[in-house]
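The values are calculated or read from the model by the stated rules, or taken from the named source; none is laboratory data. Computed from a predicted model, the values in this text were never measured in an experiment. All Cβ positions, glycine included, derive from the backbone under ideal geometry; neighbour counts span all protein chains shown.
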Amino acid sequence: MILNCKKCGAPYTGGAICEKCGNRFDDADIRNFENEARQQREYEQFRAERAKESDNKAVKIILIVFAAFTGLIILSILVAIFVPALIGYNARKNAREEEQRMREEQANSSYYEDYDYSNDDYDYSYDE
């Protein structure tokens, strides 16, 4: 709303008297104009705050999505590094255990193969 002088049509610039013609503005018109101007400023300020809040929400959502994707990428890298390492560790462990078992079996079999069962010192009979 624009408040103009009723006599000369000059716009209201503040004060109770028109600067151009000296006519006095009506007090009720001044109050209404100032109330409407104040309400318009408050509304514009409110809209600016809402726009800023929605921008902040959008930025927060973007950051959360970015953090989630970054976390997934880091997790996949860690899995790609450690899972094969664990599989390799278990395979080496199983190979060592199998190798140890083979050595023990070979040692046991060679011990029994080398043992001389034909020794006559141990021949005895139960009849004596």
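Residue by residue, here is whether (1) of a type in the set (A, V, I, L, M, F, W, C); (2) modelled with pLDDT of 90 or more; (3) part of a helix (DSSP H, G or I) holds:
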position	(1), (2), (3)
PHE33	yes, no, yes
GLN45	no, yes, yes
LYS52	no, no, yes
LYS60	no, yes, yes
GLY71	no, yes, yes
ILE77	yes, yes, yes
TYR112	no, no, yes
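Taken together, the residues in segment 82-97 that are modelled with pLDDT of 90 or more and either hydrophobic (A, V, I, L, M, F, W, C) or loosely packed, with under 10 Cβ neighbours inside 10 Å (or both) amount to 1. Do we have PHE66 as within 51 Å of the chain's Cα centre (by Cα), at pLDDT 90 or above and part of a helix (DSSP H, G or I) here? It is true that PHE66 is within 51 Å of the chain's Cα centre (by Cα), at pLDDT 90 or above and part of a helix (DSSP H, G or I).
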